[in-house]
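Okay, structure first, notes after.
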């Protein structure tokens with residue numbers, strides 16, 4: 001089998017130009033989901049009640065269904081729902097001309113919220129109860145204690161898992177092509193479809209994801225070292 | 001200054017505190033003794049609302065409040081006027097020794113950073129930890145961590161400091177350095193309530209000793225009386241078991 005090296009090179013550049021779309025999908029979903037994930041994590045750490053059970057059910061549902069299905073459901077349901085809503089409210093929105101990237105944000109945010117909340121929940125669980133008690137006794141309010149004492153420690157403990165979450169999300173956004181969003185995967189597939197150079201296109205996409213994910217992992221590694229210097233310096237003299 | 005009465009606390013059906021009263025005057029060093037499970041620690045934690053008592057009243061100078069139903073404003077008020085030293089130190093893991101001492105000032109009390117830092121250094125100096133001000137708790141020994149814990153407690157100029165078995169988690173050779181710091185505070189006339197198992201130390205620093213067992217105050221009085229001629233059989237048994245051959249020259 002002969003590889004078309006010219007196509008390989010030009011498509012690789014094409015894939016690189018779509019990197020911002022992939023990163024945008026990832027970053028927006030992470031940012032949108034963070035406050036909800038934090039809320040769910042805090043809620044689920046309290047004694048069981050109706051809200052806690054609802055939150056748990058949401059997490060179970062999102063974790064227990066394939067992302068492809070979530071995408072297909074939302075992409076076929078959400079536009080009709082929005083359209084119906086806009087008609088009843090007489091908003092005269094043209095729902096069907098909405099940039100499909102918004103549907104992608106919706107799916108990935110819903111999905112990431114569930115996964116992120118579990119990451120944060122385990123992070124918060126790793127902080128000893130005595131830290132909050134000591135902060136309250138030092139005269140801090142509960143929100144102050146969370147901001148200055150609990151969260152920094154919880155986030156440090158959660159860093160490897162947040163890295164995992166981010167890298168998985170980056171790879172997961174490759175499914176955005178199902179919603180006609182032109183991310184890295186979609187751009188390569190479109191380019192390949194003209195001359196059936198699928199092998200080359202997939203190799204390009206593969207390389208693209210490895211590069212992006214490696215850089216993200218490196219960033220997280222250094223970030224973890226930085227925020228975790230209080231524990232990584234164990235044994236060393238300052 | 002601080003008067004607490006009729007403190008009750010139940011966990012499930014297990015009654016830990018069955019009506020405890022204490023009174024602390026300015027400059028007092030009240031030492032609470034008793035076998036484990038007698039409710040000493042729970043009692044101390046109720047005073048700072050780390051545990052909610054089921055019943056109980058507190059008079060803190062002119063303020064009167066319920067230990068069971070205090071509002072969050074009242075809880076905040078009590079916590080700002082007191083300080084707590086924990087058995088397992090509970091230093092903020094993500095803060096240096098100096099930051100541990102200043103956090104209650106800068107964040108809890110909105111003091112200017114420079115001023116807080118100055119106080120922080122002075123407090124660390126006092127407990128002999130000034131050279132380690134930039135160290136994180138994970139780089140300090142247990143005794144050093146507890147000394148920072150005491151500096152943190154003192155920094156906020158509390159009216160009372162509560163100590164919950166401050167040396168129980170320490171290796172025997174590190175106990176002395178922490179007790180020396182507390183003793184120094186006692187000499188300075190700081191008001192303290194101390195739960196401890198260190199009898200010799202208790203006899204030396206206490207102005208008032210309370211012996212607790214089974215969720216009640218069994219006996220209380222000046223250390224001389226409690227250690228040398230306790231009235232209650234329960235106190236005698238406890239002291240005999242815990243100090244078989246220590247001599248006291250008070």
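The values are calculated or read from the model by the stated rules, or taken from the named source; none is laboratory data. Bear in mind that the values here come from a model prediction, so they are computed numbers and not experimental data. Counting neighbours? That spans all protein chains shown, and the Cβs are built from the backbone with ideal geometry, glycine included.
If you check residue B:37 against the conditions, is it farther than 19 Å from residue B:182 by Cβ, crowded, with 20+ Cβ neighbours inside 10 Å and modelled with pLDDT under 95?
Spelling it out, it is not the case that residue B:37 is farther than 19 Å from residue B:182 by Cβ, crowded, with 20+ Cβ neighbours inside 10 Å and modelled with pLDDT under 95.
Residue pairs, Cβ under 7 Å, 6 or more apart or interchain, first in segment B:165-188 and without any contact (Cβ under 8 Å) to a residue 24 or more places away in the chain, second part of a helix (DSSP H, G or I). List them.
Here the result reads B:179/B:201; B:183/B:204; B:183/B:205, each pair linking segment B:165-188 to a residue that is part of a helix (DSSP H, G or I).
Using the structure shown, decide if residue A:31 is in a helix (DSSP H, G or I) and under 18 Å from the mean Cα position of the chain (by Cα).
In short, yes.
Each row is one residue, and each column tells you yes or no for (1) more than 16 Å from the chain's Cα centre (by Cα); (2) under 27 Å from residue B:27 (Cβ atoms).
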| site | (1), (2) |
| --- | --- |
| B:86 | no, yes |
| B:93 | yes, no |
| B:105 | yes, yes |
| B:109 | yes, yes |
| B:116 | yes, yes |
| B:134 | yes, no |
| B:138 | yes, no |
| B:157 | no, yes |
| B:163 | no, yes |
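What is the number of the single condition among (1) within 23 Å of residue A:134 (Cβ to Cβ); (2) without any contact (Cβ under 8 Å) to a residue 40 or more places away in the chain that residue B:23 does not meet?
Exception for residue B:23: condition (1).
Do we have residue A:195 as more than 16 Å from the chain's Cα centre (by Cα), within 30 Å of residue A:229 (Cα to Cα) and away from chain B (no Cβ under 14 Å) here?
no
Tell me which residues, restricted to segment B:161-178, are assigned to a helix (DSSP H, G or I) and touching a helix residue (DSSP H, G or I) at 6+ places or on another chain (Cβ under 9 Å).
Within segment B:161-178, B:173, B:174, B:175, B:176, B:177, B:178 qualify.
Going by the structure shown, is residue A:173 more than 14 Å from chain B (Cβ to nearest Cβ) and surrounded by 16 or more Cβ atoms within 10 Å (Cβ to Cβ)?
yes
Looking at segment B:36-53 only, could you name the residues that are in a loop (DSSP other than H, G, I, E, B) and in contact with a strand residue (DSSP E or B) (Cβ under 6 Å, 6 or more places away or on another chain)?
Correct list: B:38, B:39, B:48, B:53.
Determine, yes or no, whether residue A:15 is under 15 Å from the mean Cα position of the chain (by Cα), part of a helix (DSSP H, G or I) and surrounded by 16 or more Cβ atoms within 10 Å (Cβ to Cβ).
No.
Give, as residue ranges, the strands (runs of 3 or more DSSP E) completely inside segment B:54-131 that count at least 3 residues that are crowded, with 22+ Cβ neighbours inside 10 Å and modelled with pLDDT of 95 or more.
In segment B:54-131, B:82-85 are the strands (runs of 3 or more DSSP E) which contain 3 or more residues that are crowded, with 22+ Cβ neighbours inside 10 Å and modelled with pLDDT of 95 or more.
Identify all residues within segment A:175-209 that are touching a helix residue (DSSP H, G or I) at 6+ places or on another chain (Cβ under 9 Å) and outside any helix (DSSP H, G or I); write none if there are none.
Of everything in segment A:175-209, those that are touching a helix residue (DSSP H, G or I) at 6+ places or on another chain (Cβ under 9 Å) and outside any helix (DSSP H, G or I) turn out to be A:180, A:181, A:182, A:183, A:197.
Output the residues belonging to segment A:124-139 that are farther than 20 Å from residue B:163 by Cβ and within 13 Å of chain B (Cβ to nearest Cβ).
A:126, A:127, listed by residue number.
Considering only segment B:137-150, state which residues are surrounded by fewer than 24 Cβ atoms within 10 Å (Cβ to Cβ), within 11 Å of another protein chain (Cβ to nearest Cβ) and either in contact with a strand residue (DSSP E or B) (Cβ under 9 Å, 6 or more places away or on another chain) or assigned to a loop (DSSP other than H, G, I, E, B) (or both).
Once the filter is applied, which keeps residues that are surrounded by fewer than 24 Cβ atoms within 10 Å (Cβ to Cβ), within 11 Å of another protein chain (Cβ to nearest Cβ) and either in contact with a strand residue (DSSP E or B) (Cβ under 9 Å, 6 or more places away or on another chain) or assigned to a loop (DSSP other than H, G, I, E, B) (or both), segment B:137-150 yields only B:140.
If residue A:227 satisfies all but one of (1) within 13 Å of chain B (Cβ to nearest Cβ); (2) surrounded by fewer than 19 Cβ atoms within 10 Å (Cβ to Cβ); (3) free of Cβ contacts under 8 Å to residues at least 40 places away in the same chain, what's the number of the condition it fails?
All conditions are met except number (3).
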